[in-house]
Amino acid sequence: MASLREQKDPTASIQELSHLLNSMHVVDLSPLLYSNMPHWPNGIFIIEGLYNLAQVPTTFYFMAFPLKIKGGSGSPLRPIALFPKG
């Protein structure tokens, strides 16, 4: 299997994603209560009230998945931390 860097198509295959996720820890960082997330004028969001941060190392990948709300202008997020096992 060619690595992602060698592929012309930048998308990952199901097998590659499965391997990646099996080698990583995923920690749900969802806050207990959702509120509007303000942001600075340059588009940098302020994300606060995250939960379970004591379970992650000081360096990790942060991902936030919004809900798709038809006709909506905003959405709650499902934030997660992703970091290597071991």
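Here the range 24-36 is the region considered, the condition is being part of a loop (DSSP other than H, G, I, E, B) and under 16 Å from the mean Cα position of the chain (by Cα), and the residue that is modelled with the lowest pLDDT is 31. Within the set 12, 64, the sole residue that is in contact with a Leu (Cβ under 8 Å, 6 or more places away or on another chain), surrounded by 12 or more Cβ atoms within 10 Å (Cβ to Cβ) and modelled with pLDDT under 75 turns out to be 12.
The values are calculated or read from the model by the stated rules, or taken from the named source; none is laboratory data. Because the structure is predicted, anything quoted here is derived from the model rather than measured. With ideal geometry, Cβ positions are generated from the backbone for all residues, glycine too; neighbour counts draw on all protein chains shown.
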